[in-house]
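Here's the structure we're looking at; comments come further down.
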Amino acid sequence: MDYVVIADAYGKMEATSKRLEMIDILVDLFRNSSKDVVSIIVYLTQGKLYPDFVGVEIGIAEKLAVKALVRASGVRESEVLADLQRTGDIGQVAEICLANRKQSTFFSKALTVERVYESLDKMAKTSGVGAVDMKTAVFAGLLSDASPKEAKYLMRTVTGNLRLGVADMTVLEALAVAFGGGREARGVIERAYNICSDLGRVSTLLVLEGLDAVRLLQVGVFEPIRPMLAERLSSSEEILEKFGGKCLAEYKYDGERIQVHKQGDRVVLYSRRLENISSQYPDVAVLIRERVGAYEVIFEAECVAVDLETGDMRPFQELMHRRRKYGIEAAVEQYPISLYVFDMLFVDGRDLTCEPLTVRRAVLEGVLERNSQLQIASQKVVGCPKELEGFFEESIAGGCEGLICKSLAKESVYQAGSRGWLWIKYKRDYKSEMTDTVDLVIVGAFHGRGKRAGAYGALLLAAYNRERDVFETVTKCGTGFTDKDIGDVYAILQNHVVPRKHARVLSMMEAEVWFEPCVVLEILGAEVTLSPIHLCAIDSIRKDSGLAIRFPRFTGKYRTDKSPQDATTSKEIAEMYQNQLKQITTS
């Protein structure tokens with residue numbers, strides 16, 4: 001299959017901001033592709049070569065990409081860099097350079113999807129002496145045979161900035177329409193994706209064996225399950241009302257959520273973003289081998305930094321010292337941890353994700369051999385607000401953030417990849433109006449002046465609307481950033497600049513610079529108010545009004561552990577507004 005077919009489809013998707021049109025374009029692309037390349041198209045459209053948990057990254061440094069472009073086009077490097085400075089889009093620069101290339105390639109041949117994928121795979125897996133030269137040569141070879149449009153998307157793909165505005169849910173829906181018989185098949189396909197986290201594998205199964213085969217897909221070790229998420233409420237009365245008067249309350253630890261996979265002596269740890277983080281926690285792997293009796297298990301736990309002298313829990317930020325390639329042994333000694341297990345998802349061939357919470361917890365109790373480092377999360381079944389409040393205060397005194405309250409009903413299955421009312425967060429911050437922190441996504445920025453000249457003076461932030469799979473602006477924030485933060489944020493965002501408002505961003509405000517929704521920040525505000533200019537939860541409270549956060553301030557916490565889809569939702573912001581009204585009414 002010719003790669004130009006994909007490039008043409010990408011061009012059409014980039015030209016529209018309408019999600020339904022994007023889905024239609026993808027459906028046509030899938031239907032007009034041979035079955036053996038559909039999974040490759042899915043991965044490339046995700047900007048990947050493999051699912052995240054494999055740990056093979058497609059990206060190469062921009063500097064290397066520029067050198068390959070110079071070799072393929074014959075354009076001087078100074079000219080390429082000048083165009084890049086002017087446009088800010090290396091894909092557009094590649095398109096310009098190859099449209100005006102000074103030397104022609106007499107023996108060029110059309111690029112195929114298969115060749116592109118194999119070449120990118122070779123580049124991604126090459127390391128060691130001579131790796132840079134080899135990668136440059138392979139990529140220059142692709143560019144030499146590429147048309148200007150193909151070069152544009154090849155360049156964006158390898159530098160990790162495809163800029164199509166296509167989310168996983170968009171691809172899922174397109175697969176459902178193309179091969180599942182219609183949009184109603186999306187639920188089956190999404191469930192399969194949620195339990196294996198490999199959209200390429202799911203697409204292959206769907207194309208070759210049909211929807212019934214996708215429906216039968218099972219949980220497997222070393223295929224991380226997309227994590228279940230919680231809603232939030234601000235009072236014990238509301239929480240118990242949601243759960244019919246009784247729930248399981250569990251400490252909400254201030255640590256890093258990890259998913260543990262074990263088969264025999266092999267242990268792999270995944271972050272909440274499904275990245276393999278085993279190298280950061282070699283001590284955890286040893287602990288699991290020694291203390292988990294089952295041959296095969298998948299369970300979730302919170303990894304918490306601890307003070308060995310006092311036994312006290314330390315803040316989440318201390319775990320960030322573990323995020324390094326070198327000096328891990330020293331970091332293990334300097335920043336010891338404890339593991340608090342809170343859910344069992346799979347054990348010795350038995351899929352527990354469709355079992356109620358009570359069954360999962362009973363299995364969990366029988367699998368772990370606990371000690372001071374490996375424990376089950378503190379929990380208590382509560383049946384009245386006073387009891388829940390008491391346990392809440394106990395968790396705070398113990399150094400936790402609050403509680404996760406969980407349904408005990410028969411329907412309390414593990415909702416992989418979903419946020420729902422089976423789990424509810426109850427944090428200390430929610431005890432007063434809008435002193436809660438929220439996790440918001442950067443979608444735009446405004447140029448700075450004075451001391452911030454040459455950087456961004458304020459950021460446009462958005463909440464995530466899960467139902468519509470879009471990001472809705474909720475505030476503009478320029479407070480709380482140190483001089484270092486200002487420089488760091490500017491540098492981080494340069495790889496995510498897009499020429500116009502992203503297709504998944506809903507905003508009435510016109511930012512001076514737009515970004516892909518990628519970076520998540522923790523924000524503290526004064527209150528949630530009705531807004532005529534922000535589109536968060538538009539029309540949910542009052543017609544033609546959205547919601548905004550007043551007096552926002554950056555807390556200094558970059559939520560690198562969260563994907564944009566894990567950000568605070570528009571629905572949660574609306575509920576926070578309603579809770580404020582209740583507090584005013586009762587005060």
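Computed from the coordinates by the stated procedures, all read-outs in this text should not be read as laboratory data. This is a predicted model, so every value here is computed, not measured. Positions of Cβ are generated from backbone atoms using ideal geometry, with glycine treated the same way; all protein chains shown enter the neighbour counts.
Quick notes on this one:
- Helix 199-209 and the longest principal axis of the C-alpha atoms of the chain enclose an angle of approximately 80°.
- For the stretch 439-587, lysine pairs with C-alpha atoms less than 25 angstrom apart, excluding pairs fewer than eight positions apart on the same chain, total 19.
- Ignoring lysines fewer than eight residues from Lys410 along the same chain, the ones with Cα atoms less than 17 angstrom from its Cα are Lys242, Lys246.
- Loop trypsin sites (Lys or Arg not before Pro), the stretch 483-541, which have at most 14 other Cβ atoms in a 10 Å radius of their Cβ (DSSP): Arg500
- Listed values [x] 49.8; [y] 28.2; [z] 26.1, entry calculated as mean projected area of the Cα convex hull in nm²: [y]
- On the beta carbon distance between Asn32 and Leu81, with R0 = 35 Å, the FRET formula returns roughly 0.40.
- Residue list for the stretch 493-534, given a label point 7 angstrom along the Cα-to-Cβ vector of Thr16 and an amide N cut-off under 16 Å: 503-505
- Under conditions of 4 °C and 1.567 mPa s, the stretch 362-513 yields 66 µm² s⁻¹ as its translational diffusion coefficient, taking Rh as the Kirkwood radius over Cα pairs in the Stokes-Einstein equation.
- Cα-based shape type of the stretch 56-165, given that a ≥ b ≥ c are square roots of the gyration tensor eigenvalues and the cut on a/c is 1.5: rounded
- Look at the dipole of the stretch 229-431 built from charges on Cβ: of Ser235, Leu374, Gln415, the Cα furthest out on the positive end belongs to Gln415.
- Principal-axis tilt of helix 90-99 within the chain, Cα atoms, nearest 10 degrees: 10
- Charge context of Ile96, other residues only, Cβ under 12 angstrom, K/R +1, D/E -1: 0
- Relative to the dominant Cα principal axis of the chain, helix 483-493 is inclined by about 60°.
- Gyration tensor verdict on the stretch 229-431 (Cα atoms; rounded if a/c is under 1.5, prolate if a/b is larger than b/c, oblate otherwise): oblate
- Think of each Lys and Arg Cβ as +1 and each Asp and Glu Cβ as -1; about the Cα centre, that makes the dipole of the chain roughly 1220 debye.
- Computed FRET value (nearest 0.05) for Ile541 with Arg500, which takes r as the C-beta separation and R₀ as 41 Å: 0.90
- Alpha-carbon centroid distance for the pair the stretch 296-352 / the stretch 483-507, whole angstrom: 31
- Rounded, prolate or oblate (a/c below 1.5 giving rounded, otherwise prolate when a/b exceeds b/c) for the stretch 461-560 by Cα gyration tensor: oblate
- Taking a straight line from the alpha carbon of Lys109, these lysines sit under 29 Å away, with near neighbours fewer than eight places off in the same chain left out: Lys12, Lys35, Lys48, Lys63, Lys67, Lys122, Lys125, Lys135, Lys149, Lys152.
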